[in-house]
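Some notes on the structure that comes next.
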Amino acid sequence: MILRPPRESDVEAAYSWDRDPELAAWNGRAPISISLSAARRDYLARWEDKSVKTFIIEAAGDPIGMATLYDFRRDGCELGIKIGPGNLRGKGYATEAVSLLLDYAFDTLGLEAVRGSTMAHNHRMQRVFEKNGFAQVGDGSLLSRYDNRRYTELFYERRRDA
Ligand SMILES: CC(C)(COP(=O)(O)OP(=O)(O)OC[C@H]1O[C@@H](n2cnc3c(N)ncnc32)[C@H](O)[C@@H]1OP(=O)(O)O)[C@@H](O)C(=O)NCCC(=O)NCCS
């Protein structure tokens, strides 16, 4: 498994993940409905945006997921991650990717904290946070744009010196 910057040949994979209703539900979003060419423009702009660091998770030469570091403030940032193909979840890829991202955030970017959140019923993501030394620091209520229902959201934080 490697993390690398996204490139134009990743557009179709990113588009298929953003159209997947199951992935959208886990993120509290609606699946995107724009055309591939409109999505391509959005992705290429976002991947150039210096305020968001996007990484493709690659395994055996194929893009299998995406991770982002964003919302850089208060000496920290937010982390988001997804593994696209359902049959590749639960194989340890996200755990390894988050571990690499923490090294990058703390050692290369010099941040003090990495924050994340997930829905209370997303036990897989909670395990990924726990295995990487994150602590649960609070909870809240999230209105999902997927089904317009309210869910409990759990907030996590990993400090550099944890
Ligand atoms: C959440 C997600 C990023 C985790 O990535 P992953 O590569 O599947 O995670 P890993 O394999 O590294 O670790 C998953 C852990 O959850 C456990 N797990 C797997 N399926 C589970 C389930 N249905 N319920 C509870 N735990 C589960 C695994 O056993 C593993 O823990 P362990 O090492 O203690 O055994 C990935 O599953 C995903 O993309 N899901 C859909 C999108 C999503 O939820 N994104 C996060 C939004 S905040």
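The values are calculated or read from the model by the stated rules, or taken from the named source; none is laboratory data. Just so it is clear, the model here is predicted, and its values are computed rather than measured. So basically every Cβ, Gly included, is an ideal-geometry build from the backbone, and we count neighbours across all protein chains shown. Side chains are part of the model used for accessible areas, which takes the heavy atoms of the whole protein and leaves out ligands, DNA and RNA. Shrake-Rupley method; radii C 1.70, N 1.55, O 1.52, S 1.80 Å.
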Identify all residues within the range 2-55 that are under 16 Å from the mean Cα position of the chain (by Cα) and among the polar types (S, T, N, Q); write none if there are none.
SER16, ASN27, SER51, THR54
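Only one of GLY28, GLY92, GLY110, GLY86 is under 30 Å from ARG160 (Cα atoms) and touching a residue at least 40 places away in the same chain (Cβ under 8 Å). Can you tell me which? Quick ask: steps written out before the conclusion?
Working: GLY92 fails: touching a residue at least 40 places away in the same chain (Cβ under 8 Å); GLY110 fails: touching a residue at least 40 places away in the same chain (Cβ under 8 Å); GLY86 fails: under 30 Å from ARG160 (Cα atoms).
So the residue among GLY28, GLY92, GLY110, GLY86 that is under 30 Å from ARG160 (Cα atoms) and touching a residue at least 40 places away in the same chain (Cβ under 8 Å) is GLY28.
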For ILE81, the lone unmet condition from (1) in contact with a strand residue (DSSP E or B) (Cβ under 8 Å, 6 or more places away or on another chain); (2) assigned to a helix (DSSP H, G or I); (3) closer than 14 Å to MET66 by Cα is (2)
In the range 88-101, anything assigned to a loop (DSSP other than H, G, I, E, B) and either open to solvent by less than 60 Å² (accessible area, probe 1.4 Å) or modelled with pLDDT under 95 (or both) is listed as ARG89, GLY92
Residue that is nearest to the ligand (Cβ to nearest atom), among those in the range 61-85 that are open to solvent by 40 Å² or more (accessible area, probe 1.4 Å) and over 15 Å from the mean Cα position of the chain (by Cα)
ASP62
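Out of the residues in the range 102-140 that are part of a helix (DSSP H, G or I) and of a type in the set (Phe, Trp, Tyr), state the one that is nearest to the ligand (Cβ to nearest atom). Spell out how you get there, then give the answer.
To start, the set of residues in the range 102-140 that are part of a helix (DSSP H, G or I) comprises 102-108, 123-131.
This time we only want the ones that are of a type in the set (Phe, Trp, Tyr), so: 104, 106, 129.
Details: TYR104: 17, PHE106: 20, PHE129: 9 Å.
Ranking the qualifying residues of the range 102-140, first place goes to PHE129.
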Residues MET1, MET66: which one is closer than 30 Å to ARG150 by Cβ and in contact with a strand residue (DSSP E or B) (Cβ under 8 Å, 6 or more places away or on another chain)?
MET66
Say we look at the range 141-162 and pick out the residues that are over 14 Å from GLY28 (Cβ atoms) and without any contact (Cβ under 8 Å) to a residue 40 or more places away in the chain; which of these is farthest from the ligand (Cβ to nearest atom)?
ASP161
Please enumerate the residues belonging to the range 36-46 that are open to solvent by 60 Å² or more (accessible area, probe 1.4 Å) and among the hydroxyl-bearing types (Ser, Thr, Tyr).
SER37
Being without any contact (Cβ under 8 Å) to a residue 12 or more places away in the chain and either assigned to a helix (DSSP H, G or I) or more than 15 Å from the ligand (Cβ to nearest atom) (or both) is the filter; apply it to the range 47-60 and report the residue that is most open to solvent (accessible area, probe 1.4 Å).
LYS50
Go through the range 1-38 and give me each residue that's assigned to a helix (DSSP H, G or I), over 20 Å from ILE81 (Cβ atoms) and of a type in the set (A, V, I, L, M).
LEU36, ALA38
